[in-house]
Amino acid sequence: MQKHLLYVVLTLVSLSITQAQKPKTPSSSEIYESIQKLNFLGSVLYVAAHPDDENTRLISYMSNHIKARTAYLSLTRGDGGQNLIGPELRELLGVIRTQELLAARRVDGGEQLFTRANDFGYSKHPDETLEIWDKDKVLSDVVLAIRNFKPDIIINRFDHRTPGRTHGHHTTSAMLSMEAFDLANNKTAYPEQLDRTSPWEPKRLFYNTSWWRYGSKEAFDKVDKTNMITFDIGTYYPLKGMSNNELAALASSQHLCQGFGRLSQRGSQTEYIEFLKGTPLENNENIFSGINTTWSRIEGGKAIGTILYNIEENFNFKNPSAHIPALLEAYKLLQKIDNTHWKTLKTKELKVIIEMCAGLYLEASASTNWATAGDVVDVSLEVLNRSETPIKLLSIANISDINMSKNINLENNTSYTFKEVLKIDDNATPTTPYWLDKKGTLGMYRVDDNTLIGKPESPRRYTVDFNLLIENTPITFTKPVIQRFSKPDKGELYRPFEIIPEASAKIKENVIIFENNHQQDITVIVKAGRDNLEGDIEICHPEDWNIYPKKQKVSIAHKGEEQTLIFTVFPPTNQSEGLISPIVHVGDKDYSKELIEIDYEHIPFQTVVLPSESKVVRLDIKKYGENIGYIQGAGDVVPESLQQIGYNVRSITPDEIDAETLSRFDAIVVGIRAYNTLDNLQFKQQQLFDFVANGGNMIVQYNTSYRLKTDNLSPYNLKLSRDRVTDENAEVRFLAPNHDVLNFPNKITQKDFEGWTQERGLYFADEWGSEFCPILSMNDKGETPKNGSLLVAKHGKGHYIYTGLSFFREFPAGVSGAYRLFANMLSLGKDDIRESLKLED
Ligand SMILES: [Zn+2]
């Protein structure tokens, strides 16, 4: 079902998906809109905390209606979220969400910026957030974003005046934006930035308010709005055949891993922004009032404006190339102005417009999407002029050491192709997101190269310069090397060209659980980044563990192929945990990193190179009940984890649920958010409750309290809330210390709540029938105790359990206590059954 939904969403946004990966093929109306934007010299910076916080309606309106250069500064990359479309979590989820933001901006016309702040998980208050973020660094990055982007207007998504009302990251984003507004023009603030950027004074700061800030639409109607500006964000764009709201829905539907695929809306709709500080508004109509947004804003700009406004006024939709002589005139004048900010910005825009008007097609396509240091790669170059404009290809540079002189007149619509070779530097480092290159802290990414801070992604390592003479003006167009290829079932595809290590290795399981002291075989996969890879591999391990053999030979004939090796791990006799990591020796080089591929249709293919390590955990665990049916909800790896501790786990879909199927299981475990994501599970509740009454156990993991698809979550009264405990070290108090779930077969102690990761849990129940026994109590600092994290009810001969504890996070992190507690949940009442079965034998 989930797949089906996803398919529908993907179909809806297929237009933008193809644009996400392929080069643009702009139409006349798109060229015209680019000229309109070229002729608007004003900018807006939108500030919030996470990918998907941004109001795409407003960003799209600023970019497409007002024509302002618009950017979204997301303080984080959203690593702390959940993933609805795949297994990636933490930093890999951050990579996906970074790309989803870029995909959204390709739709709404904005740009994307970040800080080094890490989305470490939920925090309830900005004080809590700033205990984990390095405030000075994040503020410095917001100041840097303002100095680099130079916005006239800043709009905060969140209210800086209401800490505690929303996610702490949200309020913090607004607070830091307020502070940075005042600091950006102060030369004594972060002076080290000033050798690569210059101070800047934004004109005004707004808050993107809404009725929900006031509790209800009625309350908002009564609010004094003299300080507010309104926009009709439902405005229709005939050139696009779409209204602003429809475009915004397409943009926010890029956040697929967060389940943001949504319907579009049409018709007039009002959006509000509230003036917070800066130069007071002269009228409430125009956020740019008092700001010169014409070409006369810059010294020497007036003459450029005269040319470009004339083109906009008299745009030739049938033959845009007719404007090239005038565009070149403007281009030459632009090169003479002193203001480097505007010169750089507008030159870039103007070049794209000239390229589009001439119907230029410039491509450097490698024969592979992967190469290693020292490689030589075939590259096909294509150069095409689709206009009557006289254009000469002077040379192609950057592809090898030499500048290849060509001197070819490009005839209209004649394709010129060249085969060249690209020599990869011997010391080229693998392509990976720059913010993941070095290990950071819980709250901050580490970025050693200052010039990368704020950039959405790592700059492309290999690009090709096409040096053209257009009429008599030399212009260089730089294109990244890509791979263009086709698949019979997908059509034409594009992939970024990337550098990978010549050898990478991973242990198949991230966490290997030993439920007893039996040895286990582990699978190690070595991947060759080049042909004829020869070497050997060993596994580093903690002292009290042993791994055999000590070394194995690696021999792989072809690039891209993998070799699978089996090692045997011997755990110690007592409870213990540690890290093991593979090292491949090739010649005098060691490789200890893993190559991760992220491949989704709505974002470009990503490769990430991360240290390869797996956690080994020797558990002291006992368990009863063997066969588990698992109903996947939003997706989690709980089934794999339970398999690791010796359970037989079978995935079942709601359609398969009937008394006969259920009778095969000792317990049914419901995956996270199943009642939020599965449409037909609600119709199977009675059968599940009957299964419990007959002696089965049913464990329901967290569901969100809103968008629940059933009122009938449990056989007894049970109400979910938004209660959560975000401090993973919060004290856990035992409300029912003698309950079996804390004693049998594993004695649960405080030690079992040590080493938890990210949070204790979320969406706890806050109301339940007397049949339920609350087991644990916990709370975040300064809050009242929350007792609904683990509730057990006896129902007939079995047990119904609701738990908001984050087992889905703790299992993949190999947290021993989480396994022991879950084993107890599954074992409830099972000792009797086990004993009686034994008697029958
Ligand atoms: Zn958020």
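Of note:
- In segment 63-77, the residues that are in contact (Cβ under 8 Å) with a residue 60 or more places away in the chain and either of a type outside the set (D, E, K, R) or within 15 Å of the ligand (Cβ to nearest atom) (or both): 64, 65, 66, 68, 71, 73, 75, 76, 77
- Residue selected from segment 91-129 under the condition among the basic types (Lys, Arg) and more than 12 Å from the chain's Cα centre (by Cα), by the criterion farthest from residue 782 (Cα to Cα): 106
- Subset of segment 671-701 [part of a loop (DSSP other than H, G, I, E, B) and either within 13 Å of residue 659 (Cα to Cα) or touching a Leu at 6+ places or on another chain (Cβ under 6 Å) (or both)]: 694, 695, 696
- Odd one out for residue 841, checked against (1) of a type in the set (Asp, Glu); (2) modelled with pLDDT under 95; (3) crowded, with 20+ Cβ neighbours inside 10 Å: (3)
- Residue under evaluation residue 723, criteria (1) in contact with a Phe, Trp or Tyr (Cβ under 8 Å, 6 or more places away or on another chain); (2) touching a residue at least 40 places away in the same chain (Cβ under 8 Å); (3) outside any loop (DSSP other than H, G, I, E, B), criterion not met: (3)
- Out of 115, 129, one residue alone is assigned by the TED database to the domain that holds residue 258, within 30 Å of residue 41 (Cα to Cα) and buried (at least 24 other Cβ atoms within 10 Å of the Cβ). It is 115.
- When residues of segment 332-360 are limited to those that are farther than 27 Å from residue 145 by Cα and in contact (Cβ under 8 Å) with a residue 60 or more places away in the chain, the one surrounded by the fewest Cβ atoms within 10 Å (Cβ to Cβ): 332
- Taking the criterion of being farther than 16 Å from residue 691 by Cβ, touching a helix residue (DSSP H, G or I) at 6+ places or on another chain (Cβ under 6 Å) and buried (at least 24 other Cβ atoms within 10 Å of the Cβ), the residues of segment 793-810 that qualify are 807, 810.
- Among all residues of segment 589-606, there is at least one that is more than 31 Å from the chain's Cα centre (by Cα) and farther than 30 Å from residue 100 by Cβ.
- Positions within segment 279-331 being over 24 Å from residue 472 (Cα atoms), surrounded by 14 or more Cβ atoms within 10 Å (Cβ to Cβ) and touching a helix residue (DSSP H, G or I) at 6+ places or on another chain (Cβ under 7 Å), in sequence order: 294, 295, 296, 298
- Considering segment 552-650, the qualifying strands (runs of 3 or more DSSP E), each wholly inside and each with 2 or more residues that are surrounded by fewer than 18 Cβ atoms within 10 Å (Cβ to Cβ) and outside the structural domain of residue 748 (by the TED database), run over 552-556, 562-570, 576-586, 589-591, 593-598.
- Selection count where residues are in a loop (DSSP other than H, G, I, E, B) and not charged (D, E, K, R), scope segment 418-464: 20
- Looking at segment 122-239, the strands (runs of 3 or more DSSP E) lying wholly inside it that each contain 1 or more residues that are touching a strand residue (DSSP E or B) at 6+ places or on another chain (Cβ under 8 Å), within 16 Å of the ligand (Cβ to nearest atom) and modelled with pLDDT of 95 or more sit at 153-156, 204-207.
- Across segment 565-572, not a single residue is classified as touching a residue at least 60 places away in the same chain (Cβ under 8 Å) and out of contact with any Cys (no Cβ under 7 Å at 6 or more places or on another chain).
- Odd one out for residue 526 among (1) touching a Phe, Trp or Tyr at 6+ places or on another chain (Cβ under 7 Å); (2) surrounded by 15 or more Cβ atoms within 10 Å (Cβ to Cβ); (3) over 30 Å from residue 416 (Cβ atoms): (1)
- Residue check for residue 217: surrounded by 16 or more Cβ atoms within 10 Å (Cβ to Cβ), assigned by the TED database to the domain that holds residue 45 and closer than 22 Å to residue 273 by Cα: no
- Close pairs (9 angstrom Cβ cut-off, 6 or more residues apart or separate chains): within 16 Å of the ligand (Cβ to nearest atom) in segment 32-60, part of a strand (DSSP E or B) and among the charged types (D, E, K, R) anywhere: 55/271; 58/271
- Some residue of segment 75-92 being buried (at least 20 other Cβ atoms within 10 Å of the Cβ), assigned to a helix (DSSP H, G or I), out of contact with any Phe, Trp or Tyr (no Cβ under 7 Å at 6 or more places or on another chain) and modelled with pLDDT of 95 or more: yes
- Candidates 480, 488 - the one that is in contact with a strand residue (DSSP E or B) (Cβ under 7 Å, 6 or more places away or on another chain), surrounded by fewer than 16 Cβ atoms within 10 Å (Cβ to Cβ), at pLDDT below 95 and over 23 Å from residue 615 (Cβ atoms): 480
- Every condition in (1) charged (D, E, K, R); (2) out of contact with any Gly (no Cβ under 9 Å at 6 or more places or on another chain); (3) buried (at least 16 other Cβ atoms within 10 Å of the Cβ); (4) more than 17 Å from residue 480 (Cα to Cα) is met by residue 375 except one, and the failing one is (2).
The values are calculated or read from the model by the stated rules, or taken from the named source; none is laboratory data. The structure presented is a predicted model; accordingly, all values stated were derived computationally and were not measured. Don't worry about glycine lacking a Cβ; one is built from the backbone with ideal geometry, like all the others, and counts go over all protein chains shown.
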